[in-house]
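The structure appears below as C-alpha cells.
The values are calculated or read from the model by the stated rules, or taken from the named source; none is laboratory data. Model, not experiment: these values are computed from the prediction. Note that we place each Cβ from the backbone using ideal geometry, even for glycine, and neighbour counts take in every protein chain shown.
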Ligand code: HEM
C-alpha cells in the first residue's frame, strides 16, 4: 500500500513506533489508575450500572463536553508551526522587535481556513482562504489575521454580519450556498464586486494552502525608533508558486477528500517539504496618504504596486506539524488586536471593528482565560487581570491593583515612546462609503490583469452561481456589478444565461 499511504495515514504507526506497549497505565482525569477500561460496573451480567463506576462517569462526563463552539467564520482550517526570519533591514520603518536585525528568527504558528463552511466542510470549495500568523515575540503575541486576497467584499463593519449571513445557510432550508441571498446582497452593495471577481477567478480554489499568497489586507501603521510614522500593508508571496484547481476537479475532490488541503499541508511538512512565503511590505507616507486618489484605508481597494512597490522583509517557513490538532490549532486564538510596540492600527472601518470582535469571540469560544492556553500564551504576562474560569497563571503574590507601592508591574517606557499621537477631527455621523468608486480597480483587474482564458473561466464560474439565483436578481447582479466593470463581461454573462441585452431591473 505504499502507493496510497502517506505520512498523515501513518500517524498512528509513528506513535506506536515511538512508544513502548504497556508503559503507561490508563487513568481518570484526576490521574487515578483505572483497572479495567472496557466494561461498565454492573450488578451481574444484566444488572444496572452503578453510580460508583467512577471510571465510566469520568469518561462520559468528559465526552459530553468535547466540543467547544466552532468559529462563527473560518471554522474549517488547518495549521502548523515554524519561524519568521528577517532577510532585509526595515528598522527605518518599524521598531517592532521581530524586525530588529537581519537573520533574527521569531517562532510562529499559522492557521489557514475557508471562511463560510462549518468545521467539517470540504476544503476545495470556492471561497476566500484565511491566512493567519501568530508571532511569539519578546513583546508578547503579534497576530496578522489576513486572507489570501488583498481586498474584502465589504469595507464597513456595519454590513459585515449581513455579508457573512448571505454566505452561510438559509435560515429556513438550512442549505448553502443560497444563491438568492448571495447575489441579492452583492448586487445591492456593489463594493463587493472587486472581491467577487477575485473569488470567481481561478484563485477562488487554490491547489493547496501552500500554493497561494497571503495578505494582511488592511492598512496598518509602522512607527520607527525615532517615532516616525508610516502606513503599511503586508504581503506574503508563496515560494511554492500560485496553483489553483479548476471547478470540476474541485467539486470531485470535495467529495473524494473533504480534507484535501489539510492533508496536503500535513504531508508536505511531515515529508520535510517545508512551505515558505517571502514577506514584503508596501509603505505609504502620511503625506502620500493625504493625496492618494483612492482611500488608503478602504478594504475593497489595493495600493497599486506601481505606486507603492513591494519592499522585501523576510520569509516565513512552516516546519512542524501540530502535535495535537485540537489543543494547538482548534484552540488557537488569532486577534488583530494582538499588537506589539512599533505596529499600530489604521482608521480602516473594518479593522477598527475587528479590534473588538476577536477577543470577544475567543472569550465565548474558548473562555475568559483563552490567552493562558499554551498555544496562545505569551512568554511573559504581568498585569492586573485575575481569576476566572480556567485560570492557570494567577501571577502569584503580585499585587492585583494599580497603582501600588509593592513592586507590581509598571508602565513600559518604550511602548509609551512608540505610541504615536494622532490628531483627529470631523463630525460624528454615519457616512455610507458603499459607493466610493467600486469599479476602477475591479476594471483594472478584469481588463489589464486577467488573460483571455482566465476571463473565460471567470465568466463560467460566475454563471455557475448566477444561474441558480432567481431571474430578477441575476439581471440586477449583471447590471449593477458586472456591466460597470466592462460591458463585454456583462454581455458575456447575459449570453451564457440566455438573457436579453435589453432588460429592465425588476426589483
Ligand atoms: C476569524 C470576525 C473581517 C480574517 C474570525 C472570527 C470572527 C471574525 C468572530 C472567529 C474567530 C475565532 O473564533 O477564533 C470578523 C469581523 C470582521 C472580520 C467582525 C469585520 C468587521 C475579517 C477580514 C479578514 C478576516 C477583513 C481578512 C483580511 C479572519 C481569519 C480568521 C477570522 C483569517 C480565522 C482565524 C483563525 O485561523 O483562527 N473573524 N472578521 N476577518 N477572520 Fe475575521
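Overview of values
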{"quantity": "All positions within segment 332-353 that are closer than 16 Å to residue 134 by Cβ and crowded, with 19+ Cβ neighbours inside 10 Å", "calculated": "332, 333, 334, 335, 336, 338, 339, 340, 343"}
{"quantity": "Output for segment 327-355, where each listed residue is near the ligand (Cβ under 10 Å from one of its atoms), within 16 Å of the chain's Cα centre (by Cα) and part of a helix (DSSP H, G or I)", "calculated": "329, 330, 350, 351, 353, 354, 355"}
{"quantity": "Set 72, 54: member being at pLDDT 95 or above and away from the ligand (no atom under 16 Å from the Cβ)", "calculated": "54"}
{"quantity": "Matching residues, segment 360-371, being surrounded by fewer than 18 Cβ atoms within 10 Å (Cβ to Cβ) and closer than 18 Å to residue 136 by Cα", "calculated": "none"}
{"quantity": "Residue list for segment 228-242, filter: surrounded by fewer than 19 Cβ atoms within 10 Å (Cβ to Cβ) and within 16 Å of the ligand (Cβ to nearest atom)", "calculated": "none"}
{"quantity": "Failed item in (1) more than 30 Å from residue 229 (Cα to Cα); (2) in a loop (DSSP other than H, G, I, E, B), with residue 80 passing the rest", "calculated": "(2)"}
{"quantity": "Helices (runs of 4 or more DSSP H) (entirely within segment 140-252) containing at least 2 residues that are under 23 Å from residue 486 (Cβ atoms) and touching a helix residue (DSSP H, G or I) at 6+ places or on another chain (Cβ under 7 Å)", "calculated": "179-188, 193-200"}
{"quantity": "Yes/no for residue 44 being on the phi > 0 side of the Ramachandran plot and either part of a strand (DSSP E or B) or away from the ligand (no atom under 16 Å from the Cβ) (or both)", "calculated": "yes"}
{"quantity": "Test: residue 93 is more than 8 Å from the ligand (Cβ to nearest atom) and more than 16 Å from residue 277 (Cα to Cα)", "calculated": "yes"}
{"quantity": "Selection status of residue 437, in a loop (DSSP other than H, G, I, E, B) and on the phi > 0 side of the Ramachandran plot", "calculated": "yes"}
{"quantity": "Count of segment 22-32 residues which are under 40 Å from the mean Cα position of the chain (by Cα) and either surrounded by 10 or more Cβ atoms within 10 Å (Cβ to Cβ) or more than 15 Å from residue 61 (Cβ to Cβ) (or both)", "calculated": "6"}
{"quantity": "Any hit, segment 214-227, residues being crowded, with 23+ Cβ neighbours inside 10 Å, more than 16 Å from the ligand (Cβ to nearest atom) and within 16 Å of the chain's Cα centre (by Cα)", "calculated": "no"}
{"quantity": "Among the residues listed as 497, 466, 445, the single one being in contact (Cβ under 8 Å) with a residue 12 or more places away in the chain and closer than 25 Å to residue 298 by Cα", "calculated": "445"}
{"quantity": "Per-region count, segment 82-104, residues farther than 30 Å from residue 323 by Cα, out of contact with any helix residue (DSSP H, G or I) (no Cβ under 9 Å at 6 or more places or on another chain) and buried (at least 20 other Cβ atoms within 10 Å of the Cβ)", "calculated": "1"}
{"quantity": "Members of segment 274-303 that are assigned to a loop (DSSP other than H, G, I, E, B), in contact (Cβ under 8 Å) with a residue 60 or more places away in the chain and out of contact with any helix residue (DSSP H, G or I) (no Cβ under 8 Å at 6 or more places or on another chain)", "calculated": "295, 298, 303"}
{"quantity": "Restricting segment 110-125 to residues that are touching a residue at least 60 places away in the same chain (Cβ under 8 Å), more than 22 Å from residue 232 (Cα to Cα) and crowded, with 21+ Cβ neighbours inside 10 Å, the residue that is farthest from the ligand (Cβ to nearest atom)", "calculated": "124"}
